[in-house]
Structures are given as C-alpha cells and as structure tokens.
Amino acid sequence: MHRLLPSCLVVAVLILVSACGKTPLPPDADLPKEIVLDLGGGVSLELVRVDPGEFLMGSPADEVEHRNDETQHSVEITKPFYLGKYEVTQEQYTQLTGLGNPSYFSPTGSGRGQVAGLDTSRFPVDQVSWRDATAFCATLNNRHMAVVPTVLRKAGYKFGLPTEAQWEYACRAGTKSPFHFDSESNGTQANADGTIPYGTKTPGPSLRRTCPVGSYEPNAWGLYDMH
C-alpha cells in the first residue's frame, strides 16, 4: 500500500471517533453517515462513518516497491468509527486551538513563496507534531462531544488519532490495488510528484506544495486525500 506525499514532508492531522468504552454499541444502532462539528467562525469539520469489516493489510510480495514490513495479513475492524472527510485544514486548526498557523505552506510559513497569492485557509495544516495532534483531539473532546450521538457517547467514543490499521482500511475502501484509485499514479490522482510516475511511463504534474483539501476525487467511501 503506497502512501504518496508531496516533495516537502507534510504532517496533516486526521481525526476519528474511536470506541474505547466498555458499553457495546447496540447491533441495530442507527448511526449517521456523517457528523459535522461547528468550530465557530463559520468553520466546520466533517467526519464520515467507516463501517466494520475485514481486509488484507500490507501489500503482495510481487507489488512494485513492496517493502519487507508490508507482509499481507488479514485484519478485522470490529467497530464502526468516524474519520475526517478531509485533512484538518489551516483554518480549522487555528479556529479550534486559537494558536498561530504552524504550516510551512502558509502566508507566514517558510514556504510562503510557493503559495504566494493563494488562500491557504483550506490547505491542510502541516508541521504539526504528535503532541499538537493529540492536544487538538483533546480540545475536540472537551468542547464538541455534545454533537456526537448519545449512543456513541455511551459506548465510550472519543476523538483521537487513527491506528495504522484503521487508516489503511479506510484508505483502501474495499480495494486491493496499490492505491484506492488504481495501480497507477502520476500526480493527477493525488498530490504526488508526477515526474516520477508509478505503474505508468506517463509523467504528470508536481505541485511541490500542498493544495486545498478535496482537490482530487474521493475514494469509494467518500474520504478525500488519503494518499
């Protein structure tokens, strides 16, 4: 399973609702497909439900660029969870935390020359540490649990960060190819360096910066920018 990143390392925060309580969800629980959090100031954060299921985590040994730590193995996701529809954006991060924008690709960041004249509010927040990400989740838990359906709160659901298995399951969205969109990547399907294409000899664009969330097609489960 190949994860595409722009040429400059970006750390975008993904938020989910994960079950950590002891009260099981009723089997007939009517869960909404999406949950929308109002962060104030006209800024909202959308989460999409990911239903339980089984999948093959990792990649087959004959897949191009297969790594030794990607041995395929069956994994079962036993509980539904909610994952951010998009990466957390710069405006979402600053609105919730009240902090400055840490992003490299922002009007005040070191990469401001690469985004000059662009509105980066809907660009993913980058240069976020694990501590920053967990603090962001803690703030969501303190301020926004009231909009989470009661049945989820009773089951101990909290905002947090996805495990690797949850992320890959959600990214694949039922597919078995190297990417959820197919077996080829050249910068037209996701924000990647298209000058070094994968699975094709046809080169494509290379932005060499982040871009507005949702700029590329979502996967089959309605999640954007998973690569």
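Details
- Ranking Tyr104, Tyr198, Tyr82 by solvent-accessible area of protein heavy atoms (1.4 Å probe, all protein chains present), from largest to smallest, gives Tyr104, Tyr198, Tyr82.
- Length added when fully stretched, Arg112-Arg67, from 0.36 nm per residue minus Cα-Cα: 12.7 nm
- Backbone amide hydrogens, once placed in the peptide plane, bring Ile77 within less than 5 Å of Gly53, Glu54, Phe55, excluding anything fewer than 5 places away on its chain.
- Tail weight of P(r) past 20 Å, computed on alpha-carbon pairs of the stretch 119-209, percent: 61
- Solvent-accessible heavy-atom area per residue, rounded to whole Å², over the stretch 161-208 at 1.4 Å: 49
- Exposure rank, largest accessible area first [Trp130, Trp167, Trp221; 1.4 Å]: Trp130, Trp221, Trp167
- Of all accessible heavy-atom area on the chain, the percent that carbon and sulfur account for (1.4 Å): 50
- Accessible-area order (highest first, 1.4 angstrom probe) of the listed residues Asp126, Asp51, Asp193: Asp51, Asp193, Asp126
- Globularity index of the chain is 1.05 (Cα radius of gyration / 2.2 N^0.38 Å, N = number of residues).
- Within the chain, percent of DSSP bridges classed antiparallel, to nearest 5: 95
- Computed from backbone phi, the HN-Hα couplings of the stretch 175-185 come to 8, 10, 7, x, 10, 5, 8, 2, 10, 10, 9 Hz, rounded to whole numbers (Karplus: 6.51 cos²θ - 1.76 cosθ + 1.60, θ = phi - 60°; Gly and Pro given as x).
- A 1.4 Å probe, protein heavy atoms only, puts the accessible area of Thr202 near 80 Å².
- Exposed loop sites are taken as trypsin sites (Lys or Arg not before Pro) in a DSSP loop (any state but H, G, I, E or B) with at most 14 other beta carbon atoms within 10 Å; the longest stretch of the chain without one runs 68-175.
- Projected onto planes of every orientation and averaged, the convex hull of the alpha-carbon atoms in the stretch 46-162 covers 10.2 nm².
- Counting only lysines at least 8 places from Lys201 when in the same chain, those with an alpha carbon closer than 26 Å to its own are Lys176.
- Dipole orientation for the chain: of the candidates Ala133, Leu25, Met145, Met145 has the Cα lying most toward the positive pole (charges on Cβ; Lys, Arg +1; Asp, Glu -1).
- The Cα atoms of the stretch 53-116 give a gyration tensor whose axes a ≥ b ≥ c have a/c of 1.5 or more with a/b no greater than b/c, which makes the shape oblate.
- Computed with every protein chain present, the accessible area of His73 is close to 90 Å² [probe 1.4 Å].
- Cut-off 11 Å between beta-carbons: net charge of the residues surrounding Met145, Lys and Arg +1, Asp and Glu -1: +3
The values are calculated or read from the model by the stated rules, or taken from the named source; none is laboratory data. Remember, it's a predicted structure, so these values are computed and weren't measured experimentally. FYI the Cβ positions are ideal-geometry reconstructions off the backbone, even for glycines, and counts take in every protein chain you see. Heads up: the accessible areas ignore ligands, DNA and RNA and are worked out on the full protein's heavy atoms, side chains in. Shrake-Rupley method; radii C 1.70, N 1.55, O 1.52, S 1.80 Å.
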